[in-house]
Amino acid sequence: MSAHLTRHCIAIDIGGTSAKLAIVSEEGNILHKTSIATPKAKSARPIVDSFVQATRQLRTIARDGRIALEGIGIGHPGFYDQEGRLRDLCNIPALNGVNLAICFQEEFRTRVVCDTDVSCGTLGEFHYGGHGDVRRFLFLTLGTGVGIGAVIDGKLARTTRNCLGDPGHIVIDPSGSPCTCGGKGCLEAVASGWAITRVAEQLVNSGKHTELTKAYASKGWISPEDVFAAASRDDEIAKEIVTGVAKWLAMGLASLCVILEPEVIGLGGGIAAGAGDQLLKPVHDIFFGIVSPPFARGLKIVSARVRADAGLLGAAALVFFPKN
Ligand SMILES: [Zn+2]
């Protein structure tokens, strides 16, 4: 099939520091990809303008290549209200209250579909992860924070806030640490990238014998990657942290299973992708040791197969599979 007979759209994955944009085919092929810095502006206009400008350039490339575009799909941080206005964007607060779909429709006169980055990541992995004929899919993305989305009967589960709410903040340890959300002992407060850093630094500061002391002394902080690398070299303290993270994630997933009963759980996000089996295996083993068996029959836990581009592909899926 020649390029111009395949369906294409422009996908945009907006993040706090940068935005990725691409021309994407319905099969999930990324034809042209670009990235721009998200402007650190106090008002929305210059930020939206920079996204629009980068989108115009992609549209020109598509026209030159005789690629017909069906629309624009946009993934963004935070949530949105019933009118489509963005809310709770901690990293880009100037965009709160903005209706991105209307801004882009006015500019490009085409169909524009927006959704949260967590929902887009979930859709990207669901549609393009090669999971086969799966109807119920749970996706956990482990990065700086913890994002969780679900597809039920082929559609995004939208229980509240137009998505699955924010299950990264289910309370998992009542005696746990304070969370950025104001709660205490949330999954994100014990098992996210920032939580791994905090726990590792606390252990180093308490005088534990660990090679992480060196990373802390040389860089001034300990990254989650430092912890997984030290654990792979049999550092006992680092292994303890990894086991703890796996335990909390397994508890969170096991709890969600009795509500959502997924057939497949995908573990994605930068930290999970970097850790691979080092995290997947203990999460898997602990999960199946505690989950309510009737809700986990035939269930598989797998590493996300769509890696860095899950958000972009999910934004494209908003256009290609409009009944999400
Ligand atoms: Zn929280």
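The values are calculated or read from the model by the stated rules, or taken from the named source; none is laboratory data. Only a predicted model underlies this, so the values are computations on that prediction, with no experimental measurement involved. Cβ atoms come from the backbone with ideal geometry, glycine included; neighbour counts cover every protein chain shown.
Key figures
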quantity: Residue in region 59-75 that is surrounded by the most Cβ atoms within 10 Å (Cβ to Cβ), counting only those that are of a type outside the set (A, V, I, L, M) and over 17 Å from Arg111 (Cβ atoms); calculated: Gly65
quantity: Leading residue by the ranking (nearest to the ligand (Cβ to nearest atom)) among those in region 182-203 that are in contact with a helix residue (DSSP H, G or I) (Cβ under 8 Å, 6 or more places away or on another chain) and over 16 Å from Gly143 (Cβ atoms); calculated: Gly183
quantity: From the options Leu140, Leu156, residue that is of a type in the set (A, V, I, L, M), at pLDDT 95 or above and closer than 13 Å to Leu256 by Cα; calculated: Leu140
quantity: Flag if Gly176 is without any contact (Cβ under 8 Å) to a residue 60 or more places away in the chain, in contact with a Gly (Cβ under 6 Å, 6 or more places away or on another chain) and part of a loop (DSSP other than H, G, I, E, B); calculated: yes
quantity: Exclusive hit being polar (S, T, N, Q), within 16 Å of the ligand (Cβ to nearest atom) and touching a residue at least 12 places away in the same chain (Cβ under 8 Å), set Thr141, Thr116, Thr160; calculated: Thr141
quantity: Region 66-81 residues that are within 14 Å of Ala101 (Cα to Cα), paired with ones that are small (Gly, Ala, Ser) and at pLDDT below 95 (beta carbon under 7 Å, 6 or more apart); calculated: Gly75/Gly311
quantity: Whichever residue in region 213-232 is touching an Asp or Glu at 6+ places or on another chain (Cβ under 9 Å) and among the aromatic types (Phe, Trp, Tyr) and, among such residues, is nearest to Gly193 (Cα to Cα); calculated: Trp221
quantity: Odd one out for Ile222 among (1) out of contact with any helix residue (DSSP H, G or I) (no Cβ under 8 Å at 6 or more places or on another chain); (2) not in a helix (DSSP H, G or I); calculated: (1)
quantity: Test result for Gly149, outside the structural domain of Ile10 (by TED's automatic domain parsing) and within 19 Å of Phe321 (Cα to Cα); calculated: yes
quantity: Only one of Ser206, Ser177 that is of a type outside the set (Lys, Arg), more than 15 Å from the ligand (Cβ to nearest atom) and over 21 Å from the mean Cα position of the chain (by Cα); calculated: Ser206
quantity: Candidate set: region 20-55, residues that are among the polar types (S, T, N, Q) and under 20 Å from the mean Cα position of the chain (by Cα); chosen: the one surrounded by the most Cβ atoms within 10 Å (Cβ to Cβ); calculated: Thr38
